[in-house]
Amino acid sequence: MLDDGTSQLLIEAGIAYKHVEQEMDFDLSRVQGMLISHEHTDHSKYIKQFVQRTAFSIYATQGTLNALNLSGIRYEPLTELGATKIGDWIVTAFPVKHDAAEPAGFLIIDSMGERLLYVTDTYFVKYRFNDINYMLVEMNYNQQIAQKNVDKGILNYSLRNRILTSHFEMKNSLDFIKSNLSPSLKWVELIHLSDNNSNEELFKEKTQVLTGVPVLVAPKRSW
């Protein structure tokens, strides 16, 4: 959830409505929309719960909406590289590389003009952005850790190959962050860390050294 002090945006619907409601103190009155990056269930499973219990619209690329068989006035298509006004927010969806129909990252500008980059579930992003204040960026796995898990039989080859062609490895994530560094950057939050193929402290340290700003790691939830 993003909050600029006036209004809010939700990103992804991979967590049940009841848990999101609890996290938001049972007040979703300031939410102006929900963004969905792609159709995989850990990002979209509970969309219909939000549609049934709230009044705001769901925003995703047309390819994602088609993949989820969603249509109607509550579902708004985002045009890639086109700015969309969502209440007080301006959102630009940009293509990312992932094994999904039309996956997207988001450049999000709040009512005060501050700019946030959201990128998850990708192995490559060709776009670069200026004057970024905040980043929510996937750092899913480390190549050496993943290979050790393959050697130990913890990670099978097919899953390894899928990870390599669908998620940000540590170095690729750092390269993306470096390419979008700005003097106005305030913090970076690392998201979507693999349970078995990542190292939270290593990732945080590498990002901190690169950026010189506070680095957070998204907490893992038990639900």
Taking region 84-112 and keeping residues within 17 Å of the chain's Cα centre (by Cα) and small (Gly, Ala, Ser) leaves Ala93, Ala100, Ala101, Ala104, Gly105
Quickly run through region 72-83 and pick out the residues that are closer than 14 Å to Ile36 by Cα and either surrounded by 12 or more Cβ atoms within 10 Å (Cβ to Cβ) or over 18 Å from the mean Cα position of the chain (by Cα) (or both). Arg74, Tyr75, Glu76, Pro77, Leu78, Glu80
Here the residues within region 173-223 that are in contact with a strand residue (DSSP E or B) (Cβ under 7 Å, 6 or more places away or on another chain) and either part of a helix (DSSP H, G or I) or of a type in the set (Phe, Trp, Tyr) (or both) are Ser173, Phe176, Ile177, Trp187, Glu200, Phe203, Lys204, Thr207, Gln208, Thr211
Scan (1) modelled with pLDDT of 95 or more; (2) farther than 19 Å from Ile11 by Cα; (3) surrounded by 14 or more Cβ atoms within 10 Å (Cβ to Cβ) for the single condition Ser179 breaks and write down its number. (3)
Restricting attention to strands (runs of 3 or more DSSP E) lying wholly within region 51-110, give those where 1 or more residues are among the hydroxyl-bearing types (Ser, Thr, Tyr). 58-61, 75-78, 83-86, 89-95
Tally time: how many residues in region 182-223 are over 18 Å from the mean Cα position of the chain (by Cα) and either closer than 22 Å to Asn149 by Cα or without any contact (Cβ under 8 Å) to a residue 40 or more places away in the chain (or both)? 16
What are the pairs, 6+ residues apart or on separate chains, where a residue within region 104-119 that is within 16 Å of Phe176 (Cβ to Cβ) has its Cβ under 8 Å from a residue that is at pLDDT below 95 and assigned to a strand (DSSP E or B)? Ala104/Glu80
When you go through (1) at pLDDT below 95; (2) of a type in the set (Gly, Ala, Ser); (3) buried (at least 16 other Cβ atoms within 10 Å of the Cβ) one by one for Ser111, which number turns out not to apply? (3)
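Looking at region 21-35, which of its residues are aliphatic (A, V, I, L, M) and either in contact with a Lys or Arg (Cβ under 8 Å, 6 or more places away or on another chain) or free of Cβ contacts under 8 Å to residues at least 24 places away in the same chain (or both)? Before the answer, list the steps.
Restricting attention to region 21-35, the residues satisfying the condition of being aliphatic (A, V, I, L, M) are 24, 28, 31, 34-35.
Answer for region 21-35, where residues must be aliphatic (A, V, I, L, M) and either in contact with a Lys or Arg (Cβ under 8 Å, 6 or more places away or on another chain) or free of Cβ contacts under 8 Å to residues at least 24 places away in the same chain (or both): just Met24.
The values are calculated or read from the model by the stated rules, or taken from the named source; none is laboratory data. Predicted, not measured: the structure shown is a model, and the values here were computed from it. All Cβ positions, even for glycine, are placed from backbone atoms using ideal geometry, and neighbour counts span all protein chains on display.
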